[in-house]
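For reference, the structure is listed below as structure tokens.
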């Protein structure tokens, strides 16, 4: 039993050596607004996505641009190669809901309404084009 788990763990570690990930946690923006910008860049080349985000007039685009730059820096650090224009693409980008701050807003006749201030987690995975054709 322990040997099988060890082999699976080693396989995961080998796969993570060629996976370039950046995460953004507890972003104080609703997931719905963040997904609008994430959908713009899903599946695109990394530098093309940077240009799209730079000229998108949304608050979430600035956060995603910074996250994408971080993922590119992670690629350069892990692989030891400089990032080139046609080599990197966004394999996946996921926007998940995070914790909600629950507040009370005054309502008529002494009542109260619940205000939910949402936040999200963003996970961005980069891959290289040569791995795209083999995988």
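What follows draws every value from the coordinates through simple rules; no lab data is involved. Just so it is clear, the structure is predicted and the values come from calculations on it, not from any experiment. Cβ atoms come from the backbone with ideal geometry, glycine included; neighbour counts cover every protein chain shown.
Being surrounded by 13 or more Cβ atoms within 10 Å (Cβ to Cβ) and not in a strand (DSSP E or B) is the filter here; which residues of segment 101-128 pass it?
Going through segment 101-128, the residues surrounded by 13 or more Cβ atoms within 10 Å (Cβ to Cβ) turn out to be 118-128.
Once the filter is applied, which keeps residues that are surrounded by 13 or more Cβ atoms within 10 Å (Cβ to Cβ) and not in a strand (DSSP E or B), segment 101-128 yields 118, 119.
Tell me, which residue of segment 6-31 that is part of a helix (DSSP H, G or I) and in contact (Cβ under 8 Å) with a residue 40 or more places away in the chain is nearest to residue 72 (Cα to Cα)? Going through the qualifying residues, I end up with 17.
Could you list, in sequence order, all residues of segment 55-97 that are part of a strand (DSSP E or B) and under 30 Å from residue 116 (Cβ atoms)? Listed by number, the residues that qualify are 90, 92, 93, 94, 95, 96, 97. Test residue 43 against the stated conditions and say whether it is surrounded by 11 or more Cβ atoms within 10 Å (Cβ to Cβ) and at positive phi. Yes.
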